[in-house]
Amino acid sequence: HALLAGPEGGHLSVPVTRVPELAIAGIAFQDVGAVVDWVEPPSELACLSTAGLMGASLLQAAIWQIDFHAEQITITNSLAKLQGLADAMKIPFQRSDAAGSPRLMVGVSDANDVSLLLDLGFNGSIAIPLALFEQSGDRVADSAAVEEGEVSSTVFGGTLSEVRIARMRELRLGDLRLKNFPVVTGPSVSDFHVGIEFLRHFRVTIDWLHNDLYLEPRDPESALYYDFASYGFKPRLLGGGFVVGAIWRGSMADRAGMKPGDRLLEVDGHDTTVGDFAAQCELLDAVGLFGTNRAPISVTWMHAGQRETSSVARMPILPTPAADADL
């Protein structure tokens, strides 16, 4: 067994094993370490794959290049076989744990040499623990966007808490100097990590043989300023049906009167009075958690014994994410 760390200092003992051989695109990886059943339904993480999630313990056996624009992954043992490295930022990383998870040293406002986890399993942009955010000389504005309810899905399941969108005065990553950069923070954020929403604007090369990360920009720098588009609510599976798990304050869902704990009856044509894990994954994609749907959807729910129906659109939580950025 191994201990996994989670939000707010929690730990979970999980079984581990070793896979003798695992084949990906015709390439065989041998003696791969694996954690067994650490993501259990109804965690949102498990929706990413019904078979499993791939992490650093396997990735470190090769050089991986992820081209989000071309929707192509290249696996190799030689940098000479890869494209775009001459135009990329080269950033050294350190192995942070037994699995070899890569950590970059970055600058955050008043602080230098802050450890940032490269997290390919994180669907968002950048999240930072509140204490680290404040230690770097930043503060959460009173007007910051807030999501309340069950807002964190981790290996420990759902966490009742709240997260806020704050702006760090400057993020220094490689050659980038990102002013007033929006990040997620709050007590349920356990680590400083960067995810897919940020990385998808680069051709990403992880050279595990020399511990270097290459980031080749594929979009304008302004595209890095994520707008946190959302329908304003998060469905949660409970007792064989769905309830409102979390709400963004001031969102269309909030203004329509939805509250955490309200029973969902129908979302975008999906009957949500009954459901299982597969139905949850389908619903989460329909409301844009993992998908890109932005069309308005119809939601029917029960609040205080009353049936309510409203049409809500997927709108940016930050209406003009880069408008006040000094680029």
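The values are calculated or read from the model by the stated rules, or taken from the named source; none is laboratory data. Predicted model, so just to flag it, every value in this text is computed and none were measured. Reconstructed Cβ throughout: ideal geometry from the backbone, glycine too, with neighbour counts over all protein chains shown. Surface areas here come from the heavy atoms of the whole protein model, side chains and all, with no ligands, DNA or RNA. Shrake-Rupley method; radii C 1.70, N 1.55, O 1.52, S 1.80 Å.
Quick notes on this one:
- Contact map, the range 161-188: first residue closer than 19 Å to residue 213 by Cβ and open to solvent by 20 Å² or more (accessible area, probe 1.4 Å), second residue at pLDDT 95 or above and in a strand (DSSP E or B), Cβ cut-off under 7 Å, separation 6 or more or different chains; pairs are 172/106; 172/107; 174/89; 174/91; 174/215; 175/89; 177/170.
- Test: residue 122 is surrounded by 19 or more Cβ atoms within 10 Å (Cβ to Cβ), among the aromatic types (Phe, Trp, Tyr) and assigned to a strand (DSSP E or B): no
- Taken over the range 284-304, the criterion of being at pLDDT below 85, aliphatic (A, V, I, L, M) and crowded, with 16+ Cβ neighbours inside 10 Å is satisfied by 284, 286, 287, 289.
- Looking at 63, 73, just one residue is hydrophobic (A, V, I, L, M, F, W, C), surrounded by fewer than 16 Cβ atoms within 10 Å (Cβ to Cβ) and either more than 15 Å from residue 174 (Cα to Cα) or more than 21 Å from the chain's Cα centre (by Cα) (or both), and that residue is 73.
- Of everything listed in (1) within 22 Å of residue 165 (Cα to Cα); (2) surrounded by fewer than 17 Cβ atoms within 10 Å (Cβ to Cβ), the single unmet condition for residue 79 is (1).
- Apart from one condition, residue 214 fits all of (1) more than 30 Å from residue 51 (Cβ to Cβ); (2) modelled with pLDDT of 95 or more; (3) under 24 Å from the mean Cα position of the chain (by Cα); (4) open to solvent by 20 Å² or more (accessible area, probe 1.4 Å); the exception is (1).
- With respect to (1) farther than 16 Å from residue 171 by Cβ; (2) open to solvent by less than 20 Å² (accessible area, probe 1.4 Å); (3) touching a helix residue (DSSP H, G or I) at 6+ places or on another chain (Cβ under 8 Å), the lone exception for residue 93 is condition (3).
- Output for the range 19-67, where each listed residue is at pLDDT 80 or above, touching a Pro at 6+ places or on another chain (Cβ under 9 Å) and over 21 Å from residue 204 (Cβ atoms): 30, 31, 32, 35, 36
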